[in-house]
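Have a look at the structure below, then the notes.
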Amino acid sequence: MKGKKLSYKSRLIAFFFMPCWAIIIGLLTQSLINRSWLSLDEFLIYVLFCFGFYFLYSHFYKKEFSDVFHTSRATSLAEKLSVHRGYFIFHTIIWIVVATIMGLTN
């Protein structure tokens, strides 16, 4: 991965849109389970957890991250979604499962 830099578009998708999507999915799932919105403390912890997860994900799963964001760095979001469908579906389902577990344990 030396010498390979992410384009602005890829960085925006990987480190902003993906965590924001995880936050939205998680908040909706937890609010449906608990039938109430999260308190401010729980919300901030969840936001930090999501952004931290995606920052660390790029370091621990370098090959998968590189396949999605380095090899197709010039493509649009729609093309990335169609080509790497499994990656984005996995990341949607994992946040639904995490939010369900968190909602049931509260």
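Every number in this text was worked out from the coordinates using simple rules, so none of it is lab data. As the structure is a prediction and not an experimental result, all values here were calculated from the model. Neighbour counts are summed over all protein chains in view; Cβ atoms, including those assigned to glycine, are modelled from backbone coordinates with ideal geometry.
Placing +1 on the Cβ of every Lys and Arg and -1 on the Cβ of every Asp and Glu, with nothing else charged, gives the chain a dipole about its Cα centre of roughly 560 debye. Have a look at Val47, Val68, Val83 and tell me which one the Gaussian network model of the chain (Cα, springs below 10 Å) gives the largest fluctuation. Highest fluctuation of the listed residues: Val83. Using the Cβ-Cβ distance between Lys5 and Ser76 with R0 set to 25 Å, the FRET efficiency works out to roughly 0.85.
Where the alpha-carbon atoms of the chain are placed on the principal axes, they occupy 45, 24, 20 Å, in descending order. GNM remark for the chain: springs join alpha carbons under 10 Å apart, and the peak mean-square fluctuation among His84, His59, His70 falls on His59.
Treat the count of other C-beta atoms within 10 Å as a stand-in for reagent exposure and order Arg11, Arg35 from fewest to most.
Taking fewest neighbouring Cβ atoms as first place, the list is Arg35, Arg11.
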